[in-house]
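In what follows, a structure is listed as structure tokens, so that the remarks can point back to it.
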Amino acid sequence: MTILDGNKISDDIKAEITREVELIKSKGEKVPHLAAVLVGTDGASMTYVNSKVKDCAMVGFDSTLIDLPEETTQEKLLKVIHDLNTNDDIDGFIVQLPLPGHIDEHEVLMAINPDKDVDGFHPTNVGKMTLDLPAFISATPYGILELLERYNIETSGKHVVVIGRSHIVGRPMSILMSQKRKAGNATVTVAHSRTVNLKAITQQADIIIAALGIPEFLRGDMVKDGVIVIDVGITRVPDSTKKRGYRLAGDVHFDSVSAKSEYITPVPGGVGPMTRAMLLKNTLLARKWRL
Ligand code: NAD
């Protein structure tokens, strides 16, 4: 069993980006600039946004955090997005999800200029990705592709089972894995909450990408020997032995599944750091594509 080390691979990617930024600087050009919009005080969202800002500093990007109160109106948020769309200094920006209940998430995402949509959530980018055209691929699926590629994992002709059909993970992942690409050319099954007898399906999988958000859902008896497992799930599970009162759990029961796996991602240290690195990669691409 080999651990797919997202910490190591994401460090490699960040080092590559840092070198590119140094080159940009040495030519006297503008470094990439990412902005992040946070609405409200959700603990997990604040942690995610702060780490994105820290990551920017690490690779030499400029970053701007726009921290808005919970009661921000839809109109005000759309104005902030409009300003970011038209601010030439900003190469890419993200609006941290989830947004407070009174805000129409779809309308907000639609308002983002697709050329600056480094999260890759705008229909223009999703459509282009689906048609194999250059596009911002959302960071989590992009990170999983990169992890598979950098470990030289053969996916061609393999049966990939993606558990989850969300717009940000499961759906794009299933499309990407079926496309003609290095980490692709797979035969893909998409499982979801209405799937019947999932165990019979996962037992046939060569590669399983678990993205359902139910801690330790995938267990050893659901997989075959030699399976490759990508665990996307991150759930905070109460744990009184930890100082912060919780631990992070994946969607995979690590001990029983890893015993049968050829490769497996840990949680934490697998897909999470890859997601962070690919947001940086998309921001660098945004800078290049705007030149
Ligand atoms: P989501 O809630 O939007 O989607 C969950 C999907 O799982 C749905 O499509 C649903 O049909 C499916 N599902 C639910 N119960 C199921 C069941 N019993 N059997 C089969 N399918 C079932 O979640 P999401 O945004 O795709 O995120 C999934 C998990 O991945 C969460 O834990 C989230 O925190 C995590 N996540 C991690 C990263 C990362 O960087 N590591 C990024 C995004 C999401």
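The values are calculated or read from the model by the stated rules, or taken from the named source; none is laboratory data. Here the structure is a predicted model, which means the values were calculated and not measured. Positions of Cβ are generated from backbone atoms using ideal geometry, with glycine treated the same way; all protein chains shown enter the neighbour counts. Just the protein is used for accessible areas: all its heavy atoms, side chains included, with ligands, DNA and RNA removed. Shrake-Rupley method; radii C 1.70, N 1.55, O 1.52, S 1.80 Å.
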Entirely in the range 66-136, the helices (runs of 4 or more DSSP H) that have 3 or more residues that are polar (S, T, N, Q) and modelled with pLDDT under 95: none
Unique match (being within 20 Å of Gly272 (Cα to Cα), open to solvent by less than 70 Å² (accessible area, probe 1.4 Å) and among the polar types (S, T, N, Q)) among Ser51, Ser63: Ser51
Any chance Ile168 is within 10 Å of the ligand (Cβ to nearest atom), touching a residue at least 24 places away in the same chain (Cβ under 8 Å) and open to solvent by 10 Å² or more (accessible area, probe 1.4 Å): yes
Val196 free of Cβ contacts under 8 Å to residues at least 12 places away in the same chain, within 15 Å of the ligand (Cβ to nearest atom) and either within 16 Å of Tyr142 (Cα to Cα) or surrounded by fewer than 24 Cβ atoms within 10 Å (Cβ to Cβ) (or both): yes
Criterion: at pLDDT 95 or above, farther than 24 Å from Thr2 by Cα and in contact with a strand residue (DSSP E or B) (Cβ under 9 Å, 6 or more places away or on another chain) - qualifying residue of Ile264, Ile175: Ile175
Counted residues, the range 151-165 - those being surrounded by 18 or more Cβ atoms within 10 Å (Cβ to Cβ) and not in a strand (DSSP E or B): 4
Residue list for the range 171-188, restricted to those being crowded, with 18+ Cβ neighbours inside 10 Å and outside any helix (DSSP H, G or I): Ala183, Gly184, Ala186, Val188
